[in-house]
Amino acid sequence: MTSTAAAVSVPRLKQVGRVTQTRVLLSEWTKLHSLRSTRWSMGVGMLLTIAFPVIFAFVTETHWTHLRPHERADRHPLDIALAGVNAGQLAVAVLGVLVITGEYSTGMIRSTFLAVPKRLPVLWGKLAIYAIVSFVLILPCVIGAFFASQAILDRRNILQISFTAPGVARSVIGGAVYVMLVGVFALAIGAIVRNTAGGIAAFAGIFFVLPPLLLVLPTSWNNAISQYLPSNAGRQLFALQHASHTLTTLSGGLVFGGYCAAAIVIAAVLLVRRDV
């Protein structure tokens, strides 16, 4: 027996590239578009964004002769065209929460943070990818809903408005921007709460429960406070006309953007300080 042992060949591992924000973005894009919940939630959001305006336009067109003068005066074509924004935002918000809480529920977040130890690039990646995807998918739906509702109303030549009319294009595009910001806000809430049910409940409370609660206040107080709520401020992005007790498009967008920024900052601080 020889004392010289045969050399054992060990395969050389390929050099792994360093973690970059671009690679984190690609990773988050892969996770987002490969999930079934993404297709279902975004599909529902897109469907609602188009379906509601079409239904409302059809009902208005068929019942126009039976409407009273004040009821006709209260109908605005842009309100009909953007009716789906308020419905589609819920699906986008739910998916926004799921984008991050889903990883916490399955434990996949541990693998994510093991690959990206600094953690914050993960949050930036999720926010950026979801913002882009939601805006790119919702914008054609909002524009399509406008032209579809106008085509239905055109059969009776009622409530006609041009896309090039002052403020119309801004309102239509603003509807898509609003939905995108809603998704970003919901994702940040999900990062703060780290629980799917809790994140959805928190979002619903802020957007759908808090505004009606303010109705118990005197009218002057309600008008002064409610305009600064996230939902009311954000809706000014796609409002064609503004009441005296509502913010303007710019100020409403800035206030809602401030809420989104505050939620992101809180989520970032907690993400760094908390254990997985």
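The values are calculated or read from the model by the stated rules, or taken from the named source; none is laboratory data. Note that the structure is predicted; figures quoted are calculated from it, not measured. Counting neighbours? That spans all protein chains shown, and the Cβs are built from the backbone with ideal geometry, glycine included. Ligands, DNA and RNA are stripped out before the accessible areas are found, and what is left, the full protein with its side chains, is counted by its heavy atoms. Shrake-Rupley method; radii C 1.70, N 1.55, O 1.52, S 1.80 Å.
Enumerate the helices (runs of 4 or more DSSP H) found wholly within segment 61-108, keeping only those where 2 or more residues are open to solvent by 80 Å² or more (accessible area, probe 1.4 Å), touching a residue at least 60 places away in the same chain (Cβ under 8 Å) and over 17 Å from A202 (Cβ atoms).
Numbers: elements: 69-74, 77-81, 83-106.
Fully inside segment 61-108 and qualifying: nothing.
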- Could you check V136 against (1) modelled with pLDDT of 95 or more; (2) open to solvent by less than 30 Å² (accessible area, probe 1.4 Å); (3) more than 22 Å from G199 (Cα to Cα); (4) of a type outside the set (S, T, Y) and say which number it fails? (2)
- Query: Do we have V10 as surrounded by fewer than 12 Cβ atoms within 10 Å (Cβ to Cβ), at pLDDT below 90 and assigned to a loop (DSSP other than H, G, I, E, B) here?
  - Reply: yes
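Does I173 meet the test of being part of a helix (DSSP H, G or I), more than 18 Å from L90 (Cβ to Cβ), modelled with pLDDT under 95 and out of contact with any strand residue (DSSP E or B) (no Cβ under 8 Å at 6 or more places or on another chain)?
Criteria not met by I173.
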- Message: Can you tell me which residue is most open to solvent (accessible area, probe 1.4 Å) among those in segment 215-237 that are hydroxyl-bearing (S, T, Y) and more than 25 Å from G167 (Cβ to Cβ)?
- Response: T219
- Item | Tally, over segment 109-123, of residues that are assigned to a helix (DSSP H, G or I) and open to solvent by 10 Å² or more (accessible area, probe 1.4 Å) | 8
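Take the conditions out of contact with any Asp or Glu (no Cβ under 9 Å at 6 or more places or on another chain), crowded, with 21+ Cβ neighbours inside 10 Å and not small (G, A, S) and apply them to L247. Does it pass? Full working, then the answer.
Details: out of contact with any Asp or Glu (no Cβ under 9 Å at 6 or more places or on another chain): yes; crowded, with 21+ Cβ neighbours inside 10 Å: yes; not small (G, A, S): yes.
Answer is yes for this residue.
A quick yes/no check of all residues on (1) open to solvent by 30 Å² or more (accessible area, probe 1.4 Å); (2) modelled with pLDDT of 95 or more:
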{"site": "L213", "(1), (2)": "yes, no"}
{"site": "A239", "(1), (2)": "no, no"}
{"site": "G258", "(1), (2)": "yes, yes"}
{"site": "V269", "(1), (2)": "yes, yes"}
{"site": "R273", "(1), (2)": "yes, no"}
- Which condition breaks for Y228 when tested against (1) touching a His at 6+ places or on another chain (Cβ under 9 Å); (2) under 18 Å from V182 (Cα atoms); (3) of a type in the set (S, T, Y)? (1)
- In segment 236-256, how many are in contact with a helix residue (DSSP H, G or I) (Cβ under 6 Å, 6 or more places away or on another chain), over 19 Å from F146 (Cα atoms) and of a type outside the set (S, T, N, Q)? 6
- Filtering segment 157-176 down to residues that are open to solvent by less than 40 Å² (accessible area, probe 1.4 Å) and out of contact with any Phe, Trp or Tyr (no Cβ under 7 Å at 6 or more places or on another chain), which residue is nearest to T49 (Cα to Cα)? V168
